[in-house]
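First up is the structure itself, then whatever we jot down about it.
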Amino acid sequence: MVVQAISTNLSYDFAADVRAGLTRTGQKELPSKYLYDDVGSALFEVISRLPEYGLTRADERLLRRHAHDIVDAVPGTVAVAELGSGSGKKTRWILEALSRRQRTFYYPVEISRTALAMCERELSDIDSVSILGFEREYLEGLLEVSACRRKGQRILVLFLGSTIGNFNREAGVQFLSSVRNILASGDSLLLGTDLEKPASQLVRAYDDELGVTAAFNLNLLVRANRELGADFDLRQFEHEAKVNYEARSVEMHLRSTTSQVVNIPAAEVSVEFSEGETIWTESSHKYSLDEISPTAATAGFRCVRQWVDDQWPFAENLLIAE
Ligand SMILES: C[S@@+](CC[C@H](N)C(=O)[O-])C[C@H]1O[C@@H](n2cnc3c(N)ncnc32)[C@H](O)[C@@H]1O
């Protein structure tokens, strides 16, 4: 196998996004993509093994059990692109099933260099699979993958782990439409979606007893201290996970436990926090099985198969670009 990575050119601006998110009127916010620096990506791996967080295990069980059905449903010569691959562990099942029928090109697209490196290491031993990683944002990376398409080749996009849940429903449809517009008719998208479940179970999954998810969330402030010279005092912030019933999501926040001012030199701001005020850092929207097909249709896909885990409500949905 061949393993390569394309790693220049990431175009995000952490300082500008921090300034915009913390100076906006109303709810302060930081984009969840900044949770995934070196430490954040490593902590996410630990979260995926916690007993409270059944999501990754459900996703993995479905891929292990149904990889052959999934690849049989995407005939022809197929290249695989994965958006936000993380460590890529679960992807092994798809690549192994596909590599029995063809030589396979696998293109993980990741914003986190650490996650991309883990993924390349994890999957580099599979025969007949060549890996070319893109250290890019999702759509930028997918555009580059599509530019590598060979004549007659189809693309199977993997968007696993319910990462789609980080978008609100409207932005999720917009994102899927953008993915569809990069693809050709007949290409496919395997979309993992975490399904609705009781609030108590959700809060436990995003606020585990050991405090790993709390560390994952608070690491965003550590990152701002390190990269932007900020002076967040971690003892003055705490992790909070709460259910938003209207949005059907779980939200992660960082709550200021006192009134305070935080200086962020590289973002050229000083930010005031009142006691109890929060920074909203991530949302995880939950889906009902029935809404996937109409959502996919609005974005230009046809949902042809769904597989649901029998232990943790989670669905793998196979969508074909119309
Ligand atoms: C919730 S984790 C899921 C990882 C893996 N797919 C899984 O199912 O376990 C989301 C992954 O997407 C990456 N990511 C987040 N925002 C991104 C963006 N805008 N572009 C590319 N990758 C991104 C993160 O670095 C992280 O590895």
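Does Val109 satisfy being surrounded by 20 or more Cβ atoms within 10 Å (Cβ to Cβ) and within 11 Å of the ligand (Cβ to nearest atom)?
Values: surrounded by 20 or more Cβ atoms within 10 Å (Cβ to Cβ): yes; within 11 Å of the ligand (Cβ to nearest atom): yes.
So Val109 passes the test.
Pairs under 6 Å by beta carbon, first residue in a loop (DSSP other than H, G, I, E, B) in the range 43-55, partner modelled with pLDDT of 95 or more, six or more apart or different chains?
Sorted first by the residue in the range 43-55, then by its partner, the pairs are Ser48/Thr56; Leu50/Asp208; Glu52/Arg204; Glu52/Ala205; Glu52/Asp208; Tyr53/Ile47; Tyr53/Ala205; Gly54/Trp312.
Let me spell it out: the conditions are (1) assigned to a loop (DSSP other than H, G, I, E, B); (2) more than 10 Å from the ligand (Cβ to nearest atom); (3) touching a residue at least 24 places away in the same chain (Cβ under 8 Å), and Ile155 meets all of them except one. Which number is the exception?
Going through (1) assigned to a loop (DSSP other than H, G, I, E, B); (2) more than 10 Å from the ligand (Cβ to nearest atom); (3) touching a residue at least 24 places away in the same chain (Cβ under 8 Å) one by one, Ile155 breaks only (1).
Does the range 76-114 hold any residues that are hydrophobic (A, V, I, L, M, F, W, C) and either closer than 15 Å to Gly141 by Cα or free of Cβ contacts under 8 Å to residues at least 24 places away in the same chain (or both), and which are they?
Here is the first cut: in the range 76-114, the ones hydrophobic (A, V, I, L, M, F, W, C) are 78-81, 83, 93-95, 97-98, 105, 109, 111.
Across the range 76-114, the qualifying residues are Ala79, Val80, Ala81, Leu83, Phe105, Val109, Ile111.
Among (1) open to solvent by 30 Å² or more (accessible area, probe 1.4 Å); (2) away from the ligand (no atom under 11 Å from the Cβ), there is one condition Pro31 misses while meeting the rest; what is its number?
Of the numbered conditions (1) open to solvent by 30 Å² or more (accessible area, probe 1.4 Å); (2) away from the ligand (no atom under 11 Å from the Cβ), the odd one out for Pro31 is (2).
Restricting the search to the range 287-304, which residues are in contact with a strand residue (DSSP E or B) (Cβ under 6 Å, 6 or more places away or on another chain), open to solvent by less than 10 Å² (accessible area, probe 1.4 Å) and small (Gly, Ala, Ser)?
Correct list: Ala296 only.
Does at least one position in the range 91-105 carry a residue that is within 11 Å of the ligand (Cβ to nearest atom) and of a type outside the set (Ser, Thr, Tyr)? I'd like the intermediate steps shown before the answer.
Of the range 91-105, the ones within 11 Å of the ligand (Cβ to nearest atom) are 91.
With of a type outside the set (Ser, Thr, Tyr) added as a condition, the list becomes none.
Within the range 91-105, not a single residue is within 11 Å of the ligand (Cβ to nearest atom) and of a type outside the set (Ser, Thr, Tyr).
Scan the range 134-147 and give yes if some residue there is over 22 Å from the mean Cα position of the chain (by Cα) and farther than 30 Å from Glu29 by Cβ, otherwise no.
Within the range 134-147, the first condition is being over 22 Å from the mean Cα position of the chain (by Cα), and the residues that meet it are 147.
Right, trim to farther than 30 Å from Glu29 by Cβ and you get 147.
The answer is yes, given that some residue of the range 134-147 is over 22 Å from the mean Cα position of the chain (by Cα) and farther than 30 Å from Glu29 by Cβ.
For Glu144, work out the one condition from (1) at pLDDT below 95; (2) over 17 Å from Lys89 (Cβ atoms) it doesn't fulfil.
Failing condition for Glu144: (1).
Out of all the residues in the range 94-103, is one or more over 19 Å from the mean Cα position of the chain (by Cα) and among the small types (Gly, Ala, Ser)?
Looking through the range 94-103, at least one residue is over 19 Å from the mean Cα position of the chain (by Cα) and among the small types (Gly, Ala, Ser).
Give the residues of the range 264-286 that are in contact with a strand residue (DSSP E or B) (Cβ under 6 Å, 6 or more places away or on another chain) and of a type in the set (S, T, N, Q), sorted by residue number. Walk me through how you get there before you give the answer.
We begin by selecting, within the range 264-286, every residue in contact with a strand residue (DSSP E or B) (Cβ under 6 Å, 6 or more places away or on another chain); these are 270-273, 277-286.
Hits for the range 264-286 are Ser270, Thr278, Thr281, Ser283, Ser284.
Check off (1) more than 21 Å from Leu98 (Cα to Cα); (2) touching a Ser or Thr at 6+ places or on another chain (Cβ under 6 Å) for Leu156 and give me the number that stays unchecked.
Checking Leu156 against (1) more than 21 Å from Leu98 (Cα to Cα); (2) touching a Ser or Thr at 6+ places or on another chain (Cβ under 6 Å), the one that fails is (1).
Of Trp280, Trp312, Trp307, which residue is in a loop (DSSP other than H, G, I, E, B), surrounded by 14 or more Cβ atoms within 10 Å (Cβ to Cβ) and touching a residue at least 40 places away in the same chain (Cβ under 8 Å)?
Trp312
Within the range 38-73, can you find the residues that are of a type in the set (Val, Ile, Thr), away from the ligand (no atom under 13 Å from the Cβ) and open to solvent by 10 Å² or more (accessible area, probe 1.4 Å)? I'd like the intermediate steps shown before the answer.
Looking only at the range 38-73, we keep the residues that are of a type in the set (Val, Ile, Thr), and these are 39, 46-47, 56, 70-71.
So of that shortlist, the ones also away from the ligand (no atom under 13 Å from the Cβ) come out as 70-71.
Residues satisfying the conditions do not exist here.
Any residue in the range 124-144 that is open to solvent by 20 Å² or more (accessible area, probe 1.4 Å), free of Cβ contacts under 8 Å to residues at least 60 places away in the same chain and within 20 Å of Arg61 (Cα to Cα)?
Kept after step one, since they are open to solvent by 20 Å² or more (accessible area, probe 1.4 Å), are these residues of the range 124-144: 124-125, 127-128, 132, 137-140, 143-144.
Pick out the ones that are also free of Cβ contacts under 8 Å to residues at least 60 places away in the same chain and you get 138-139, 143.
Remaining after also requiring within 20 Å of Arg61 (Cα to Cα): none.
Within the range 124-144, not a single residue is open to solvent by 20 Å² or more (accessible area, probe 1.4 Å), free of Cβ contacts under 8 Å to residues at least 60 places away in the same chain and within 20 Å of Arg61 (Cα to Cα).
In the range 74-90, which residue that is within 12 Å of the ligand (Cβ to nearest atom) and not in a loop (DSSP other than H, G, I, E, B) is surrounded by the fewest Cβ atoms within 10 Å (Cβ to Cβ)?
Residues of the range 74-90 that are within 12 Å of the ligand (Cβ to nearest atom), as a first pass: 81-90.
Narrowing the set further to residues that are not in a loop (DSSP other than H, G, I, E, B) leaves 81-83, 89-90.
Working: Ala81: 30, Glu82: 28, Leu83: 25, Lys89: 17, Lys90: 25.
Checked the range 74-90; the qualifying residue surrounded by the fewest Cβ atoms within 10 Å (Cβ to Cβ) is Lys89.
The values are calculated or read from the model by the stated rules, or taken from the named source; none is laboratory data. Given the structure is predicted, the values throughout are model-derived calculations rather than measurements. No Cβ is skipped: glycine too gets one built from the backbone with ideal geometry, and neighbour counts run over all protein chains shown. Protein only, heavy atoms only, side chains kept; ligands, DNA and RNA dropped before computing areas. Shrake-Rupley method; radii C 1.70, N 1.55, O 1.52, S 1.80 Å.
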